[in-house]
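J.: This is the structure I want to talk about, given as structure tokens.
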Number of protein chains: 2
Amino acid sequence: MKATVPITVAGLKVACSQCNLVELCLPFGMSENEIDRLDELVGARRKIKRQQHLYRAGDPFEAIYAIRTGSFKTDVLLEDGREQVTGFQMTGEIIGLDGISTEQHSCNAVALEDSEVCVIAYSKLEELSRVVEGLQLQFHKVMSREIVRDHGVMTLLGSMRAEERLAAFLLNMSQRFTARGFSAAEFHLRMTREEIGSYLGLKLETVSRAFSRFQEEGLIAVQQKHIRIIDSAGLKKLIQHPHRS
Amino acid sequence: MKATVPITVAGLKVACSQCNLVELCLPFGMSENEIDRLDELVGARRKIKRQQHLYRAGDPFEAIYAIRTGSFKTDVLLEDGREQVTGFQMTGEIIGLDGISTEQHSCNAVALEDSEVCVIAYSKLEELSRVVEGLQLQFHKVMSREIVRDHGVMTLLGSMRAEERLAAFLLNMSQRFTARGFSAAEFHLRMTREEIGSYLGLKLETVSRAFSRFQEEGLIAVQQKHIRIIDSAGLKKLIQHPHRS
DNA sequence: TTTTGTGGTTGACGTGGATCAACTTAGCAT
DNA sequence: ATGCTAAGTTGATCCACGTCAACCACAAAA
């Protein structure tokens, strides 16, 4: 423990206009003018340690969250104990939208690593988006994007085979890392094989085998959670051509 | 062709306040006062014949639609021709939300029977929901509900076996028919086995066999598209207990 | 250093659902 | 009625993925 005065959350000026995630996050597409007005929207930041919940299914819904650092998974669990991961979220992405409909969260959000989120009180968001047109539009787009993303996952789960699913997953991760200024070809997965499997509707063994197979075929190099994509065109081809043994 | 003056869409007073679907549709939860103000929102109605498209993937996004009569399916098709049904929509449900994110529709909406929709121009919706608070909230809830529904489908596709999926599907249909004042136990499906299969991530043969099996077990009575649910508790049990052969 | 635990890999085997194919039924036009 | 077509059923076979089980790798604790 140091004896210096800690930097408190309250002491920090939290401002979207200062944040380097603007072009990924809620303010994307808004004018500078409009973004300045957002600064009253983000009340506080909240730190979540690895494996801790940001919220749980059943929690009353009060806010949505913009991820500032780190990453999360969301999952729902069925009565019988089966768990299904419904998504992985990275910096700049908005999490918690599921809670609006019933005013209770319908899934769990768990940090995959030590993370920090901006807390956006829903009541304030409603209020402000009545006045700031750009905010209204962007918020609607964020929700709509989530719907489109979910349809993509449904397609994946409903009509792709194991290796296609994993290839799609890897390309998606790569693309999202790129958007964040990281390498498209080399990255570190924050989730376990089991979590990937749950997301893709597969067992961890199947995920592991598919990774190994991709490696044998020279498409990627895997070492535990570290992935290097060698032949992204090859991965893309896998998705388009339904299975060529 | 009759020689009488046709009843034009323009001639009909289109009003949410008059509509018997209020408690299922966008106005749900809004005050009478607020609902009256919606009447300017619904510009026109549009009739769609069975098998015709309400919109197609790629169409510019201009409006969302509230289903007045009939029903629809939405689907996306992959490059290689595979098709995935992402949802079935009934009266009172809102369709077209996927278009907001990119200002282009990302899926196709096809009428399963002769149907009619209320056209809600998105620009007007934005405008009005800035002034009518209840509308803003309801619209957000509709979008959020769609996200939660999609998570449900992901769970179904990711972690349920064929018979569980079909049982869940039947119970969901039953529940939605009930909400519309129809029998919970007896209804007519508007979609083919292939469409059900596509939605559930199964082949039509598997759907057909599962129907037959449910019938043998005395859970339902099937005759083509006509379904009678005999033992809905039995169906529920099927979902909760992961497979007991 | 050894120990312990969690996550990952790999192999052998079984099975649920896909595939292929034949047949039936219902609806519709003639 | 009769023929035609799209939708549905059912059977036989196959295979992708799940299951079960052994083993390995790495990280944190002792």
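J.: Can you list the copy-to-copy distances for A:LEU77, using a point 7 angstrom from Cα toward Cβ, in nanometres, shortest first?
T.: Copy-to-copy label distances at A:LEU77, shortest first: 4.2 nm.
J.: For the protein assembly as shown, build the charge dipole from Cβ charges (+1 Lys, Arg; -1 Asp, Glu) around the Cα centre, then report which of B:HIS226, A:THR102, A:GLY152 sits farthest towards its positive end.
T.: Of the options given, the answer is B:HIS226.
J.: Can you tally the net charge around A:ILE229? Count Lys and Arg as +1, Asp and Glu as -1, for every other residue whose Cβ sits under 12 Å from the Cβ of A:ILE229.
T.: Combined, the nearby Lys, Arg, Asp and Glu give 0.
J.: I've got another one for you. Using r as the Cβ-Cβ distance of A:ARG149 and B:LEU204, and R0 as 25 Å, what FRET efficiency do you calculate, to the nearest 0.05?
T.: 0.35
J.: Calculated FRET efficiency, A:GLN215 and A:GLU79, Cβ-Cβ r, R0 35 Å, to nearest 0.05?
T.: Efficiency computed from Cβ-Cβ geometry: 0.35.
J.: Which entries of A:LYS47/A:LYS73; B:LYS73/B:LYS225; A:LYS124/B:LYS141; A:LYS203/A:LYS225; A:LYS141/A:LYS225 show an alpha-carbon separation above 22 angstrom in the structure shown?
T.: Listed pairs above 22 Å: A:LYS141/A:LYS225.
J.: Calculate the spin-label point distance for B:ASP231 paired with B:VAL131, positioning each point 7 Å from the Cα along the beta-carbon direction, and give it in nanometres.
T.: 5.8 nm
J.: Sticking with this one: Are there trypsin sites (Lys or Arg not before Pro) in region A:11-83 that DSSP marks as loop and that have at most 14 other Cβ atoms within 10 Å, and which are they?
T.: Passing sites in region A:11-83 are A:LYS13, A:LYS49, A:ARG50, A:ARG56, A:ARG82.
J.: A:GLN223 to A:GLU103: FRET efficiency via 1/(1 + (r/R0)^6), r the Cβ-Cβ distance, R0 45 Å, to the nearest 0.05?
T.: Here the calculated transfer efficiency is 0.50.
J.: In a Gaussian network model over chain A where Cα atoms closer than 10 Å are linked, find which of A:ALA121, A:ALA179, A:ALA66 has the largest mean-square fluctuation.
T.: Result: A:ALA179 has the largest fluctuation of those listed.
J.: Limiting things to C-alpha atoms, what are the Rg and the maximum Cα-Cα separation (Dmax) for region A:114-164, in angstroms?
T.: 16.3, 47
J.: With the label 7 angstrom out along Cα to Cβ, how close does A:GLY29 come to the same site in each of the other copies, in nm, nearest first?
T.: From this label point to the equivalent ones elsewhere in the assembly: 2.3 nm.
J.: In whole Hz, with x marking every Gly and Pro, tabulate ³J(HN,Hα) for region A:72-88 from phi via Karplus 6.51 cos²θ - 1.76 cosθ + 1.60, θ = phi - 60°.
T.: Computed from phi, the couplings for region A:72-88 are 9, 10, 10, 9, 10, 10, 6, 3, 7, x, 4, 10, 10, 6, 9, x, 10 Hz.
J.: Under a Cβ-only charge scheme (Lys and Arg +1, Asp and Glu -1), can you give me the dipole magnitude of the protein assembly as shown about the Cα centre, in debye to the nearest 20?
T.: Magnitude of the dipole: close to 1040 debye.
J.: Can you compute 3J(HN,Hα) from phi for each residue in region A:110-121, using the Karplus curve 6.51 cos²θ - 1.76 cosθ + 1.60 with θ = phi - 60°, rounded to whole Hz and x for Gly and Pro?
T.: Residue by residue, region A:110-121 yields 10, 6, 8, 7, 4, 9, 9, 10, 8, 8, 10, 4 Hz.
J.: Quick one: which residues, 5 or more positions from B:ILE230 or on another chain, have an amide H under 5 Å from its amide H? H modelled 1.01 Å from N in the peptide plane, none for Pro or chain starts.
T.: Hits under the 5 Å cutoff: B:ILE220, B:ALA221.
J.: Amide H of B:GLY43: which non-local residues (sequence gap of 5 or more, or other chain) have their own amide H closer than 5 Å, using H built in the peptide plane?
T.: B:VAL119, B:ALA121
J.: With labels modelled as points extended 7 Å from the Cα through the Cβ direction, what inter-label distance (nm, one decimal) is found for B:GLU32 paired with A:HIS188?
T.: Each label point lies 7 Å from its Cα, and together they span 6.3 nm.
J.: Continuing with this model, one more query. For region B:12-87 and region A:139-204, compute the distance between their C-alpha centroids and round to whole Å.
T.: One Cα centre to the other: 30 Å.
J.: Taking 0.36 nm per intervening residue step and subtracting the Cα-Cα distance, what contour gain separates B:ALA15 from B:GLU113 on full extension?
T.: 32.9 nm
J.: Answer with one residue from B:CYS25, B:HIS140, B:LEU166: the one whose Cα lies farthest towards the positive end of the charge dipole of chain B, charges on Cβ with Lys, Arg +1 and Asp, Glu -1.
T.: B:LEU166
None of the figures in this text is laboratory data; all of them are computed from the coordinates on show. This structure is a prediction, so every number in the text was calculated from the model and none was measured. As a convention, Cβ positions derive from the backbone with ideal geometry for all residues, glycine included, and neighbour counts pool all protein chains shown.
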